[in-house]
Structure formats: C-alpha cells, structure tokens
Amino acid sequence: MDFPLTLIDLAGTVALLLWGVRMVQTGVQRAFGPELRRVLAGALRNRLKAFLAGLGVTAILQSSTATGLMVAGFAAGGLVELVPALAVMLGANVGTTLIVQVLSFNVSGLAPCLFLIGVVMFRSGDVSRTRDLGRVTIGVGLILMALHQLLELITPYEDVPSLRMLLGAISTEPVLDVLLAAILTWAAHSSVAVVLLVMSLASKGVVPPHAAFAMVLGANLGTALNPVLEGVAGGDAAAKRLPFGNLFNRALGCGAAVAALPLIGPWLVQVVPDNARAVADFHTVFNLLLAALFFPLLGPYAALLRRWFPARVDPADPAQPVYLQGAVREVPAVAIGAAVREALRLADVLEAMLLRMRETFEKGDRRRLAETKRMDDVLDKLNTAIKSYLGSLDAEAMTDTDHQRVEEVLIFAHNLEHAGDVIEKNLMGLASKRLKRGLSFSEKEQAQLAQMFGRLVTNLHAAASVLMTDDLRAARLLAAEKEVFRDIEEKATQAHFDRLRAGRSGLAETSALHLDVLRDLKQVNAHLVAAAAYPVLKSQGGLLPSRLRLEE
C-alpha cells in the first residue's frame with residue numbers, strides 16, 4: 001500500500017470537501033444574498049427575533065462568518081445595537097450545526113443524483129438564480145462524495161499501529177485537540193468542513209470520541225478567530241466589540257466544556273452509540289447550551305464590551321482606510337457596502353479642499369494651500385485603496401447587481417480623485433499666482449466665486465446622496481448643474497471681452513485670472529456630475545440633452 005500516494009489522496013479529498021462547502025456558500029449568497037440581508041436587518045429589533053434570524057440565515061448560508069459580517073456592517077453603520085447583534089451571532093453558531101446534523105446520516109448515495117440535477121440547472125437555467133441554485137446542488141454533491149471518499153481512504157489505515165500510537169498520544173491531551181482543530185478551522189475558514197472531517201474520523205474509530213468532542217470545540221473556537229484576525233485591523237475600537245464578543249463567549253464555553261468532557265463524553269457515548277451521530281449531537285448541544293447561558297446575559301455583556309472597546313476619540317491618519325476590512329471580502333454585498341462608506345470619505349475630503357480654496361481666494365491665507373495639497377494626497381491614497389479592495393473581491397460570488405454597484409463606486413472614487421487633481425494642479429496654482437502678484441478681485445467677482453464654491457459644495461453633497469440612493473430624479477437635478485456652470489462661465493467670458501473692448505486693460509489680468517478660476521470650478525463640477533449622476537442615468541435609462549454630456 002503506497003502511503004505517500006494515499007496522503008495525497010487524503011489531502012485532495014479534504015480539498016474537495018472544502019470546495020464543496022464553498023460552492024454551497026457562494027451559490028446561496030449569489031441567489032439570496034440581498035433577501036437574506038433584508039430579513040436579517042428587519043429582525044434586528046429585539047434579541048429573540050435576532051437570534052432566530054441568525055439561526056435561519058446561517059442555516060441557509062452555512063457560514064456563521066458571513067452572517068456575522070452582515071451584522072457587523074449594520075452595527076458599524078449604527079443601524080443595530082450591540083445586544084441584538086450578539087444575539088444574531090448566538091443564533092448563527094447554532095445555525096451552522098444544522099447541515100452537520102443532516103450529513104451525519106448516510107446520504108452519500110444521493111451524490112450522483114445531486115450532480116445530475118445541479119448540472120442540468122446550471123446549464124439550462126436562463127435565470128441567474130436557477131444557475132446559482134444549481135451551483136449549490138453540485139456543492140452538496142461534492143460534500144457527500146468527499147465524505148464517502150474520505151471514509152474509504154481511512155478504512156485501510158485505521159488499524160495501523162503507528163497511526164494508532166500517534167492518535168492515541170494526541171487524544172490524551174484535549175487542549176491539544178482543541179488547538180489543532182482551531183488552527184485547521186482558521187486555515188479552512190469553515191467550521192462545518194472541519195466538524196464533518198472529525199465526524200468521518202470518529203465514525204471509523206480513528207479518533208476516539210472524547211478526542212473528537214475536543215476537536216469539535218476547537219472548530220467552534222477557530223471559526224470565531226477569522227473575523228477577529230482579519231476584520232478588525234486598525235479603525236475604531238468599537239468595531240471590535242462584536243467579533244471579540246463572539247470570540248470571548250466561544251472561548252469561555254470551550255474552556256468549560258473541556259473541563260466537563262470527562263463527565264460528558266462517556267455519558268454521550270452511551271446515549272448515542274454511533275460515533276458520527278455523537279459528534280454531530282455534541283456540536284449542536286454545545287452551541288444550544290452556550291446560547292441558553294449567554295442569552296439572558298447579553299445586556300450586561302454588551303455593557304462590558306463597550307467598556308473594553310470604547311469608541312475612538314482621537315483622529316486617525318485620514319489617508320488610512322477605515323471601513324475596508326479584510327474579512328468582509330467573503331461576503332461581496334457587505335464588502336461593496338464598506339467600499340461605499342469609504343468612498344463617502346472621499347467626498348468629505350474633497351469638501352474640505354473646496355472650503356480651504358474658498359478661504360484662500362477670499363482671505364489670501366497661504367497656509368491653506370499646504371493643507372489642500374496634503375488633502376489631495378489623502379484622496380489619491382484612499383482612491384487607490386478602494387480600487388485595490390474592490391478588485392480583490394471574488395467575481396464568481398458576485399451577482400450582476402453587485403458588479404454594477406462596484407462599477408458605480410469605482411466611477412465615483414475615480415472622478416472625485418480627478419476633481420481633487422483639478423484643485424491641486426490648477427486652482428492652487430491660480431491662488432498662488434494671485435498672491436504673488438497682489439491681484440484683487442472686484443466685489444462682484446469675489447461674490448461670484450463665493451457663490452460657485454458654495455454651489456460646488458451643495459453639488460458634492462448631492463453626488464454623495466445619489467451614490468447612496470441611486471435616485472433618478474436627484475441624478476437629473478445634479479446633471480442639470482452642468483448647464484448652470486456653463487452659463488456662468490459664458491457670462492463671465494463675455495464680461496471679460498467687454499472690458500477689453502472698452503480699453504480697461506488695467507483690469508484685464510485680474511479678469512483673466514477670475515475667468516480661469518471659473519473654468520476650473522466648472523471642470524470640478526463636471527467630475528461631480530460624472531461621479532454620480534451619469535451612472536444612474538445610464539443604468540436607469542434617464543435622458544440627457546447632448547449639451548450635458550461630459551466633455552472629452
């Protein structure tokens with residue numbers, strides 16, 4: 001018997017199991033992601049509904065991490081309190097046990113039938129949801145086939161003395177079993193896959209029941225590590241409350257269960273003789289007991305987490321992304337929402353640049369030029385971060401709506417960054433030129449500049465609103481602002497030529513500078529329109545006069 005070759009087979013079978021679990025998760029997310037988010041958001045009013053919603057959504061998604069990321073997005077946006085968010089996580093932990101319960105029965109014979117149904121749905125489905133459900137069906141078939149293959153590979157080696165000695169040494173140290181399973185779960189990003197693997201090992205007697213129970217505890221602990229390690233780097237400490245709260249209650253539960261294993265293990269084996277069933281039941285009972293113990297204590301527990309993780313009061317580096325968390329990439333709908341929130345920070349920075357430029361032209365404050373330059377650097381870095389983040393999302397897990405939303409966010413960020421370049425490269429140069437030459441605008445010219453700066457800030461707010469709402473009427477109103485700025489520029493140009501014809505050459509330089517400023521402000525406005533109005537008008541079939549198209 002070729003032992004190295006069998007190790008490769010074993011690794012490949014485990015990889016097939018992981019891939020099957022992933023196909024189920026991504027297929028469900030693509031088919032029902034928006035609906036599941038709405039169900040979850042609607043249930044976040046009290047802890048009981050939140051618990052049941054977390055259980056149901058996770059039972060469908062088969063990923064407590066995905067459910068947790070959705071809730072974390074709501075919590076970060078201030079849309080949900082910490083107590084119902086923690087209740088969702090308790091429900092999510094129970095929800096992950098349901099598919100384990102189903103697969104603890106011998107249903108591997110259904111795999112060929114699932115493959116056939118899944119392929120037919122995937123290839124013949126005209127509706128994208130039908131194709132996604134076909135993907136889910138194929139994924140379940142892969143899981144069943146991988147589990148059956150795993151049992152066949154393990155059977156010839158279950159009585160090998162060296163393997164027995166190794167596993168015997170491990171099984172005497174439950175803490176080591178917990179750590180090993182936690183590491184595997186963290187690496188695999190799936191507690192379901194690891195628990196199914198442990199079930200297979202236990203069913204063939206390769207791992208004794210009490211060691212299998214300890215490994216189940218490790219899988220429960222490991223699945224809580226991913227959001228903590230990958231999703232809370234930097235940013236506000238308040239964003240860490242939910243993932244750390246979930247990790248702490250898991251760790252406490254695992255510690256108590258490890259201590260009670262010498263009593264629980266033998267009793268459960270007697271009650272449930274089938275080792276695979278015993279592992280599945282232990283997994284479910286552990287999460288149910290943990291939910292029952294923590295559910296009444298969520299209020300004081302949430303207060304304790306707020307004390308441990310207070311909201312940040314000191315400003316961070318403005319060029320560092322705040323909302324682009326790594327673990328959120330697993331759920332594209334949540335990741336895109338995070339990118340939208342980061343893009344709105346671009347609008348805040350651009351508004352600050354406009355206000356400082358207005359002060360520079362009004363008061364001649366040179367310090368504002370240096371501040372504006374630094375803000376343009378912030379725009380550049382945030383835009384780069386947003387593009388890199390959205391580019392790293394799994395395109396296969398995204399719906400057509402997700403792809404369209406990504407394009408809208410990229411267009412918004414790209415145009416705001418270019419608007420900042422116009423300010424930094426053009427307007428700052430004109431402001432510096434005015435200061436060096438001691439030029440002064442007339443009261444009428446100064447009032448007109450103040451009016452245009454104010455109008456730009458209003459349009460910037462409108463662009464941010466259109467990005468959030470995709471409102472067609474608001475997009476049309478924003479697009480119409482191009483005509484307003486064009487009329488202002490034409491009138492200023494005509495006034496400049498009138499001065500030249502009247503022989504008022506002494507005002508020509510100031511008038512020309514004023515006209516250059518107006519043209520640059522018009523260009524900034526054009527980028528605001530292109531950032532938000534045009535994508536909505538294009539996607540929703542809104543009509544624009546040809547004069548309002550963005551100039552080449």
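Summing +1 for each Lys or Arg and -1 for each Asp or Glu among the other residues whose beta-carbon sits under 10 angstrom from that of Phe122 gives +2.
Across region 344-468, the convex hull enclosing all Cα atoms gives 86 Å³ per residue.
Shown for region 173-271: the carbon plus sulfur share of the solvent-accessible area, taken with all protein chains present and a 1.4 angstrom probe, equals 75%. Principal axis extents of the Cα atoms in region 104-154, from largest to smallest and rounded to whole angstrom, are 41, 18, 13. Please give me the summed charge of the neighbours of Ala464: other residues whose Cβ is under 13 Å from its Cβ, Lys and Arg +1, Asp and Glu -1. Overall, the nearby charge balance is -4.
For the pair Arg45 and Arg374, label points projected 7 Å from Cα toward Cβ lie 4.7 nm apart.
Applying 1/(1 + (r/R0)^6) with R0 = 51 Å to the Cβ-Cβ distance of Leu472 and Trp267 gives a FRET efficiency near 0.20.
Each residue of region 512-523 was assigned a 3J(HN,Hα) from its phi angle through the Karplus curve 6.51 cos²θ - 1.76 cosθ + 1.60 (θ = phi - 60°); the sequence is 5, 5, 4, 5, 4, 5, 4, 5, 5, 5, 5, 5 Hz, with glycine and proline shown as x. Here the Karplus relation 6.51 cos²θ - 1.76 cosθ + 1.60, evaluated at θ = phi - 60°, turns the backbone of region 273-290 into coupling constants of x, 6, 4, 4, 5, 4, 5, 4, 5, 4, 4, 5, 5, 4, 5, 5, 5, 4 Hz, with x for every Gly and Pro. Reported to the nearest whole Å, the Cα centre-to-centre distance from region 423-446 to region 353-375 is 11. Counting charges near Met89 (Lys, Arg +1; Asp, Glu -1) among other residues having Cβ under 13 Å from its Cβ returns a value of +3.
The figure for Thr458 is an accessible area of roughly 90 square angstrom, using a 1.4 Å probe on the protein chains alone. Coupling constants for region 99-112 follow from the phi torsions by the Karplus curve (6.51 cos²θ - 1.76 cosθ + 1.60, θ = phi - 60°), and in residue order they are 5, 5, 4, 5, 7, 6, 7, 7, 10, 5, x, 7, 4, x Hz; glycine and proline get x.
How much of the accessible area of region 435-494, probe 1.4 Å, is carbon plus sulfur, in whole percent? If you can, show how the numbers build up before the last one.
Numbers: 1640 of 3140 Å².
After summing per-atom areas, the C and S share lands at 52 percent.
The values are calculated or read from the model by the stated rules, or taken from the named source; none is laboratory data. Being a predicted model, the structure only gives us computed values, none of them experimental. Positions of Cβ are generated from backbone atoms using ideal geometry, with glycine treated the same way; all protein chains shown enter the neighbour counts. Each accessible area value is taken on the protein alone, full model and side chains, heavy atoms only, with ligands, DNA and RNA left out. Shrake-Rupley method; radii C 1.70, N 1.55, O 1.52, S 1.80 Å.
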